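Remarks on the structure that follows.
The values are calculated or read from the model by the stated rules, or taken from the named source; none is laboratory data. Remember, predicted model here, so these are calculated numbers, not experimental data. Here the Cβ is made from the backbone with ideal geometry for all residues, glycine too, and neighbour counts use every protein chain on show. Quick note on the areas: whole protein, heavy atoms, side chains included, nothing else; ligands and nucleic acids left out. Shrake-Rupley method; radii C 1.70, N 1.55, O 1.52, S 1.80 Å.
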Amino acid sequence: MENTKPTKQSTKSRMRRVLPGQGRPRLYGAVLLCLASAARVGAFHSSASPPPRSHQHHQLPLYASVSGSGSSSSSNKKKLSPSASQSPQAPSSVSGKRSSPPSTPPPLPTKAAGGKRPPSPSSSSSSSSPKSERSFSQSYPPSKKKPLKPKARLGTDWAWSVSPKRSLPPLSTPYPSLPLPQLLAWERDGHTLTKGLCSPDEMGDYVKIVRAAFEKEKLSALRQKIRVMLGQEAYNDCQTIEECEEVMDEFIDQDMIPFLQTFNAWRKYQDVRQLVLAKRFAGVAAQLLNAPRVRLYQDSTFLKRCGDGPTLWHSDLNMAPFHTNDAVTLWLPLTPIAPEEEGGTGLLFASRSHRDFALSFWEDAKGGGRRDLEGRYELKGYGRMEVGDGSWHHGWCLHSSGPNDEDEDRVALSLCFVADGVEMLNVGEEGKGRGPDDEDEESYRDWVGEVGARVGEREHVFLPLVWDEALEREGREGGGGGGGKK
């Protein structure tokens with residue numbers, strides 16, 4: 001959470017330019033007075049006095065308008081285009097991810113031409129507020145020591161007030177082993193479905209818990225979407241739900257917003273943690289990854305509101321800090337999903353796209369690739385899904401969903417798992433190769449520099465080991481039903 005307290009000043013008023021000449025005369029007058037006084041008493045001896053600060057001004061954000069015609073036609077869901085994904089398997093021409101923002105904010109347009117999203121304003125400018133004055137006799141050089149980072153800890157809150165009074169299902173009983181034909185289809189296509197992964201009764205309270213956690217974290221969801229669509233300056237400006245909604249209403253058309261998203265509620269809320277770290281999910285992930293040890297990367301809650309637009313084609317590993325193929329995502333709908341032909345908003349998968357090495361090899365993965373990928377992949381969805389069903393997709397599998405034209409919001413929880421020991425990307429290091437798209441940086445920025453070159457090299461509380469086949473086998477042989485670490 002930001003420490004900056006919201007002011008009563010409106011968002012619009014903070015978007016004014018700082019005009020040349022608007023300095024701080026009282027501060028500089030005080031500095032000159034101190035210099036004159038010190039010269040008279042010879043307080044400086046032979047040391048040179050620091051020069052007065054120069055006037056520095058910056059321009060407050062002029063947010064680019066993100067608008068366009070609705071994308072509710074079926075062609076948006078059935079056509080893979082370069083605005084869809086930036087995975088190594090498919091260039092940015094199929095991602096829907098935005099390009100790097102320009103170095104200076106563009107002029108404020110009224111509408112984006114052609115319905116395309118204009119570039120986000122720059123986040124490079126920063127405020128140069130004056131430092132507090134102090135005696136020149138105490139002008140010591142600044143310390144070179146970096147401030148100590150607080151130790152990462154898991155929260156002990158409850159998302160739903162009724163949770164501590166209820167006995168939540170542990171979800172420790174394993175899901176039946178996936179049959180060989182299903183595993184072969186998974187390897188070939190990059191996605192699969194597990195019907196009845198949980199029963200409706202098991203998910204009943206958990207649905208309320210996840211939705212309660214989302215409401216508690218709504219501000220972070222709004223700010224994340226503002227950062228992604230309008231840039232860092234707008235993100236910094238919006239400190240309350242009211243300010244976020246005001247900016248989004250004025251500068252973003254709702255049909256350009258695919259969903260609102262929160263990250264890692266399991267770290268903060270005990271009742272969400274019991275669901276996310278359930279062995280039932282981790283066991284299926286271990287089968288699909290064919291990995292003896294599996295770690296949780298993140299959980300995300302997605303709210304696709306009535307009127308929200310389509311989710312464009314993308315792959316999850318394109319936004320994660322891992323240098324690997326060993327990642328899988330579970331998508332759990334928390335509301336019933338109708339078939340696509342009835343307006344449902346379940347995920348649509350591009351089969352075999354996770355194996356399409358040729359696309360990234362022959363095309364520019366950062367853009368400038370093919371403009372149309374229609375017909376390259378077979379597209380498949382899983383039709384009607386009930387609460388408790390779960391679809392799984394490989395980390396590089398391209399997927400999307402249609403706009404929500406129904407009368408109810410759609411809520412889903414996703415869990416992303418990686419095999420223990422996968423390599424880390426050099427996130428934020430210049431000259432170290434390509435980094436991930438920053439859309440999900442809220443998920444990993446707290447720990448990305450603390451785990452070593454490989455996941456598990458240094459244990460971190462935010463990357464828990466959720467499945468260890470050796471411990472599970474030992475627990476089964478001992479009659480304990482498994483001893484996987486949580």
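Using only alpha-carbon positions, what ratio does the radius of gyration of segment 235-281 give when scaled by 2.2 N^0.38 Å?
Against the compact-globule rule of thumb, the ratio is 1.66.
With each label point set 7 Å from Cα along the Cα-Cβ vector, what nm distance links Thr156 and Glu457?
3.4
Tell me, what is the 1.4 Å probe accessible area of Asp356, in Å² to the nearest 10?
20
Protein chains only, probe 1.4 Å: how do Thr329, Thr240 rank by accessible area, largest first?
Values: Thr329 5, Thr240 30 Å².
Heavy-atom accessible area, descending, gives Thr240, Thr329.
Using only the Cα atoms of segment 368-422, what do you get for the radius of gyration and for Dmax, in Å?
Final numbers for Rg and Dmax: 15.3, 44 Å.
As a test question: what accessible area, to the nearest 10 Å², does Lys380 have when a 1.4 Å probe is rolled over all protein chains in place?
90
Within a Cβ distance under 9 Å of Ser351, other residues only, what is the Lys/Arg minus Asp/Glu net charge?
Local charge sum for Ser351: +1.
May I ask you to evaluate 6.51 cos²θ - 1.76 cosθ + 1.60, the Karplus curve with θ = phi - 60°, for each residue of segment 374-386 and list the ³J(HN,Hα) values in order in whole Hz, giving x for glycine and proline?
4, x, 6, 10, 7, 9, 9, x, 10, x, 5, 10, 9
Per residue, what volume in Å³ does the Cα convex hull of segment 380-451 take up?
Dividing the Cα hull volume of segment 380-451 by its residues yields 161 Å³.
Could you sort Met256, Met203 by accessible area so the largest value comes first, with the probe set to 1.4 Å?
Met256, Met203
Collect residues whose amide H, placed 1.01 Å from N in the peptide plane, falls under 5 Å from the amide H of Trp313; neighbours closer than 5 in sequence don't count.
Placed amide hydrogens put nothing under 5 Å from Trp313.
Expressed in nm², what is the orientationally averaged projection area of the convex hull enclosing the Cα positions of segment 256-349?
Its average projected convex-hull area is 7.6 nm².
Evaluated at 20 °C with a viscosity of 1.002 mPa s, what Stokes-Einstein diffusion coefficient in µm²/s does segment 197-289 have when Rh comes from the Kirkwood expression over alpha-carbon pairs? List each step's numbers first, then the result.
Details: Rh = 15.3 Å.
In µm²/s, the coefficient rounds to 140.
Within segment 143-274, what whole-number % of the accessible surface is contributed by carbon and sulfur, with the 1.4 Å probe and all protein chains included in the calculation?
The value for segment 143-274 is 54 percent carbon and sulfur by accessible area.
Search the structure for amide H atoms under 5 Å from the amide H of Leu425, placed 1.01 Å from N in the peptide plane, and list their residues when 5 or more places away or on another chain.
Distant-sequence amide H within range of Leu425: Phe322, His323.
Above 18 angstrom, tally the Cα pairs of segment 309-460 and express them as a % of all pairs, no decimals.
For segment 309-460, the fraction of Cα-Cα distances above 18 Å is 64 percent.
Which value, in Å², gives the accessible area per residue of segment 238-362 when a 1.4 Å probe is used on the protein heavy atoms?
Value for segment 238-362: 32 Å² per residue.
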